[in-house]
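Take a look at the structure set out below.
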Amino acid sequence: MQPGSAQRQRLADLLEYWRAVELFSPPSIPRVSGKNASGVDGLVRDLAPTPGSPTPPLPWAVGDHTAGVGRAPSGMMWRHEVYGGVFKLEDMRQAMIAVLPPDTNPDPGVPQDELKLSGESAMFALVLDEDGLLIDDTSVVSACGWATGRLFDPGPDAANWLQGFDALNAAFGAAVDDLTSTNIPYTGRSSPLDLWRAGGPSTSAAGASTAGGWQKLLAEILGGAAVGAVGALFGEVAAATVKGAAEPLLRRAAEWAEARLPKEAGAEDAADGAPMAPQAAGATPVEEPEEPLDTEPRPVTFADLVALTAQVAHLCGVEGRLAPSTIRVKSMLVHRPRDPKEPNTAAQPFLNSLLPPDLSRVCGALEDGLGPALDSYLMSRHVIDHGRGSTCGRSAPRCSAASLRPWCPPADGRPRPSIRWR
């Protein structure tokens, strides 16, 4: 059945409502615990950036016994789940309450002692191996943190206010890949030990010790917010405003994603509420910036994590609302592959609900029709013929059993495509 335009809009609004519910319902990330590193749950610790202070030890730093993880037993190896920009789910709830109309009760009927939302989430997550190298396809941005910023810019009244996450998430993965394959010559008010923990001096051409070398590289890969955060970590005073800080959030995120995705991938989300200005006829094409010189993958540093946290928070517009700065690391023991040449793989951290992509896919199929099953499932209660229903209670057990009996079951009991069921 092909639904009419009014029915399609009703179904689209219904699906978008449940998609929003899922976006704002993230799973909690691991809590900081005191279990020893050999426990089943591993070791979970928080690393807080302190401007001008030595960087905290990292669990994957070679030879750094202050990191708190011991030598892995035979046949095992360490794996590290990193959650950048930890924030409280209660802060997200308070942000949602702030956009409600005045005099609205956000929690009708909920006891006072149950109003506070427990748990924490993070702005992004990724997985590192025992040497601190990024494991492919494990980077992910928090859909909840991203959606929280959209509450205020452009706001729930704007069309497509919750569109564009997939492009940002894909661009973030590409940026993380670029960052971890480029030697960044971080310098600042850090001790030699800090520089050693950061991967040592760069040997690439891009790592020449010229003024502003790491700032330029980091700005090209991530952006100005990352540069400012790392500069503050080194005790430097930020003298420049982050580029794009005053522009609308939709355009800020869309332009950042478009600059880091292949043209065909970036064009898919061009209609996410931030259309790009058309190029004037006869205008000189804009040259793409030169990509940083890639090297072999290198260990992730604390400065990298601070930079990623600040840039994601800036792109989502939640710096002041969720205050995401702490970095949480869960170190756990996993079995080492028997074949040393086998690629190191890991599941992406469970940071987001799994349902929004499916709901978007269903919404995109409305034009072609959903089929009788979904049409019936999403049918408005006002058009349901309650007289056609059968009572499944004790008063009509025979009727219920008859309605579930197949018309012509096969002899071997296996269903056939041609069999019709009541």
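No lab work stands behind these numbers, since they all come straight from the coordinates. Bear in mind the structure is a predicted one, so any value in this text is a computation, not a measurement. FYI the Cβ positions are ideal-geometry reconstructions off the backbone, even for glycines, and counts take in every protein chain you see.
The table below lists the values:
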quantity: For Lys263, Lys341, Lys216, order by how many other beta-carbon atoms lie within 10 Å, fewest first; calculated: Lys341, Lys263, Lys216
quantity: Residue order, fewest to most surrounding Cβ atoms within 10 angstrom, among Met379, Met77, Met92; calculated: Met379, Met77, Met92
quantity: For Phe124, distant residues with modelled amide H under 5 Å away; calculated: Gly84, Ser142
quantity: Cα centroid separation, the stretch 82-151 to the stretch 308-334 (Å); calculated: 10 Å
quantity: Separation in nanometres of the label points that stand 7 Å from Cα toward Cβ, at Arg338 and Leu378; calculated: 4.8 nm
